[in-house]
Amino acid sequence: MNRPLRRFVYSAGETLRSAAVAAGLAEEGEPPAPLFVHSEWPGRLGRGRFTIGRAFDCDRRVDDPTVSRHHVELRFEDERWVVSDLRSLNGVYLNGRRVWRAVVEAGDVLTLGGARMVFEPRERTRSHATEALTA
């Protein structure tokens, strides 16, 4: 069976996810993979800057033919996480909506081609209980 791996075309009204399932590139009901990051962790581009894609030099490698070699950059700037599309073929979807650059928060779902990831930042925040104990 020949599958078009270079182009991942989908019809209007059909999401990338359902198209990937129909093409046999993803499984139905497969939960999104966790995407763990921390602003102090070093990435290929520097501290708090990560690339995600199919290439071996990406910080987070995704083995999916619908994901571009260098698909997105995830960067910690101005005390928040920002995702930027790196001119990928199939685009970046944040909670089902196409974005080119957007702020990402904990629990958000990123879709890159047929791959889904739930964003899980590992920033250490002090709770009110901890502040009360140390004050």
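Structural remarks
- Scanning the stretch 98-122 for residues that are over 14 Å from LEU86 (Cα atoms), open to solvent by less than 10 Å² (accessible area, probe 1.4 Å) and in a loop (DSSP other than H, G, I, E, B) yields one hit, GLY114.
- Residue count for the stretch 99-135, restricted to those that are at pLDDT below 95, among the charged types (D, E, K, R) and within 14 Å of the chain's Cα centre (by Cα): 4
- Candidate set from the stretch 46-61 (those that are closer than 17 Å to VAL92 by Cβ and open to solvent by 60 Å² or more (accessible area, probe 1.4 Å)); member that is modelled with the lowest pLDDT: ARG49
- Residues in the stretch 71-110 that are on the phi < 0 side of the Ramachandran plot and among the charged types (D, E, K, R): GLU73, ARG75, GLU77, ARG80, ASP85, ARG97, ARG98, ARG101, GLU105, ASP108.
- Cβ-Cβ under 6 Å pairs, at least 6 apart or on other chains, the stretch 70-94 side in contact (Cβ under 8 Å) with a residue 24 or more places away in the chain and assigned to a strand (DSSP E or B), far side open to solvent by 10 Å² or more (accessible area, probe 1.4 Å) and of a type in the set (Gly, Ala, Ser): GLU73/SER84; PHE76/SER39; VAL83/ALA102
- Test: PRO4 is modelled with pLDDT of 90 or more, part of a loop (DSSP other than H, G, I, E, B) and open to solvent by 20 Å² or more (accessible area, probe 1.4 Å): no
- Count - residues of the stretch 75-87 that are out of contact with any Gly (no Cβ under 8 Å at 6 or more places or on another chain) and either surrounded by 20 or more Cβ atoms within 10 Å (Cβ to Cβ) or basic (Lys, Arg) (or both): 4
The values are calculated or read from the model by the stated rules, or taken from the named source; none is laboratory data. Please read these numbers as outputs of a predicted model, since none were measured by experiment. As a convention, Cβ positions derive from the backbone with ideal geometry for all residues, glycine included, and neighbour counts pool all protein chains shown. These area figures cover heavy atoms from the full protein model, side chains too; ligands, DNA and RNA do not enter into them. Shrake-Rupley method; radii C 1.70, N 1.55, O 1.52, S 1.80 Å.
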